[in-house]
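I have placed the structure first, in the form of structure tokens, so that the comments after it can refer back to it.
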Amino acid sequence: MTEPTIYEISSPGRTGVKFQISDVPEFEVPKEFLREHLPMPEVSEIDVIRHFTRLSQLNYCIDTGFYPLGSCTMKYNPRINEVTARLAGFAKIHPLQPTETVQGSLALMFDLQNWLGEISGFPGITLQPAAGAHGEYVGVMLIRAYHNDRKDFKRTKMIIPDSAHGTNPATSSMSGFDVVGVATDKNGNVDLESLRAVCDDTIAGLMLTNPNTLGLFEQNVVEVVNIVHEAGGLVYGDGANLNALLGVVRPGDLGIDIMHFNLHKTFSTPHGGGGPGSGPVGVVKHLVDFLPCPIVGVIEEGSEDFPPLYGFIEPEKSIGRIKAFFGHFGMMVRAYTYISMYGKDGLKKIAEGAVLNANYLLSLLKDTYKVPYDRICMHEFVLEGHWPDAPGIHALDIAKRLMDYKFHPPTNYFPLIVPEALMIEPTETESKQTLDLFVDAMLKIAEEAKTNPELLKEAPHNTPIGRLDEVKAAKDLVLCCWIPENNY
Ligand SMILES: *Cc1c(COP(=O)(O)O)cnc(C)c1O
């Protein structure tokens, strides 16, 4: 039996609110402002509560279950982050307030800049970018500004290894660079011969996702950096997923010139349905002057009795403003809270836990699922979702069937260099019990693929809506499918 919709239980005159008798004289609302055809259900307060609560439960989310979505770092968002972000002193300030009245918030941004710098090994940090891809955009703008400043105008190409995140080539080409691809070698690293072959004085830089989208640490990273530097290019490090490196490796120490962080991945701020995120960018010393403005700085040094006076500073050759005001401040408060809660040793434990959890899953699945590059993985790994003795079964069928076992599917069909890819990232916040249940489901599905393939082909069976046409669902989204048609 399907539950009646809020439109079906609507009853004329039923209401959830009671207005006072008004002493304002009645006024005829002009007809053109009234939408007669707009269907408004007449329901009680509890009907509304149930309607929206029920809707919220149709969605799968990190707060209800395991979410092994590779490259997304869907870790638990600690609730203390939410408590601090809602403190009135942070939540109720206005971006146009005089800086003397928001010194605490500026101090928080200043400290966060420094902490991110210390974690990554970069002396300059901007907190402005609103997402990882936005950080990449800032990064390639900085690369262009650096070359233009040196009057080196012939550098029009950006090298992107084929194991990079998809946003890297997209950012480069959107910013007007010609994208030059480089292959992956048989160990899952950047193929150095192919890299040398494309490096010349028309190269602006290279964008390196490390760990790459195979979940592997780039073993030749220092050599990759040297080859690009020798050709006069800069190296952009995609640090969206810093989970495996926290407290262990500093990208700045590897020779990388620019990197973005995703506060909404590594630093536990929520992804929030596509936003708001935060993608700060760190740079080496010779790029600090180009950073977007404004940056939080110390305007007047403090003393024993007085704290320093913070304000906004504009780097000398700044590429300008790339976001309204100062970025997504609420995300900064959450990340600041997260880093302070863990401290230096705690951050390292996060990395160790993330890598351990991923390798635990990999070791239990690799005899059943094909592994394209058999190495110790970092925070994630990639499997192939197909078997010679289960013809017709694809990664998509496995992903859909996982939903019946109450798990969010992993990223699939990415990276593109692995056939039928299933990209799995457990994160450090999951327990052994949860990981074991996930392994059980994955092994059972592999068995079903051979004994009862229809079960996979028609999955999911237990979700509110069955298998969707995914392209149509994304391109032709219908949000009000529960409204009977005649109510339009
Ligand atoms: C998520 C991700 C990005 C993009 O970050 P957004 O905040 O989604 O724009 C870039 N690179 C890598 C490696 C990522 O995992």
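The values are calculated or read from the model by the stated rules, or taken from the named source; none is laboratory data. Here the structure is a predicted model, which is why all the values come from computation and not from measurement. FYI the Cβ positions are ideal-geometry reconstructions off the backbone, even for glycines, and counts take in every protein chain you see. Please note that ligands, DNA and RNA were not included when accessible areas were found on the heavy atoms of the full protein model with its side chains. Shrake-Rupley method; radii C 1.70, N 1.55, O 1.52, S 1.80 Å.
Take the residues in the stretch 156-210 that are assigned to a helix (DSSP H, G or I) and within 23 Å of the chain's Cα centre (by Cα); name whichever of them is nearest to the ligand (Cβ to nearest atom).
Looking at residues that are assigned to a helix (DSSP H, G or I) and within 23 Å of the chain's Cα centre (by Cα), I get THR167.
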Exercise for review: Scan the stretch 275-304 residue by residue and report those that are more than 28 Å from the chain's Cα centre (by Cα) and either at pLDDT below 95 or within 16 Å of the ligand (Cβ to nearest atom) (or both).
Suggested key: GLY302, SER303, GLU304
Revision key, fill the gap. Here the residues within the stretch 246-267 that are open to solvent by 10 Å² or more (accessible area, probe 1.4 Å) and either within 19 Å of the chain's Cα centre (by Cα) or within 14 Å of the ligand (Cβ to nearest atom) (or both) are HIS264, LYS265
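Is the stretch 69-85 home to any residue that is under 20 Å from the mean Cα position of the chain (by Cα) and without any contact (Cβ under 8 Å) to a residue 24 or more places away in the chain? Write out each step before concluding.
In the first step, residues of the stretch 69-85 are kept if they are under 20 Å from the mean Cα position of the chain (by Cα); the result is 69-79, 81-82, 85.
Cutting the leftovers down to without any contact (Cβ under 8 Å) to a residue 24 or more places away in the chain gives us 79.
Yes, that holds for at least one residue.
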Practice item. Select from the stretch 128-155 the residues that are acidic (Asp, Glu) and within 16 Å of ILE319 (Cα to Cα) and write down the one among them that is nearest to the ligand (Cβ to nearest atom). Key: GLU136
Revision key, fill the gap. For the stretch 413-429, the count of residues that are surrounded by fewer than 22 Cβ atoms within 10 Å (Cβ to Cβ) and either assigned to a helix (DSSP H, G or I) or not aromatic (Phe, Trp, Tyr) (or both) equals 6
Review point. Any idea which of (1) open to solvent by 10 Å² or more (accessible area, probe 1.4 Å); (2) within 27 Å of ILE350 (Cα to Cα) is the one GLY237 doesn't satisfy?
Key: (1)
Review point. When you look at PRO409, is it open to solvent by less than 30 Å² (accessible area, probe 1.4 Å), within 22 Å of the chain's Cα centre (by Cα) and modelled with pLDDT under 95, yes or no?
Key: no
Point to revise | Residue pairs meeting the criteria (Cβ under 6 Å; at least 6 apart or on separate chains; first within 16 Å of the ligand (Cβ to nearest atom), in the stretch 212-229; second assigned to a loop (DSSP other than H, G, I, E, B) and open to solvent by 20 Å² or more (accessible area, probe 1.4 Å)) | key: THR213/HIS165; LEU214/TYR373; GLY215/MET378; LEU216/ARG375; PHE217/MET378
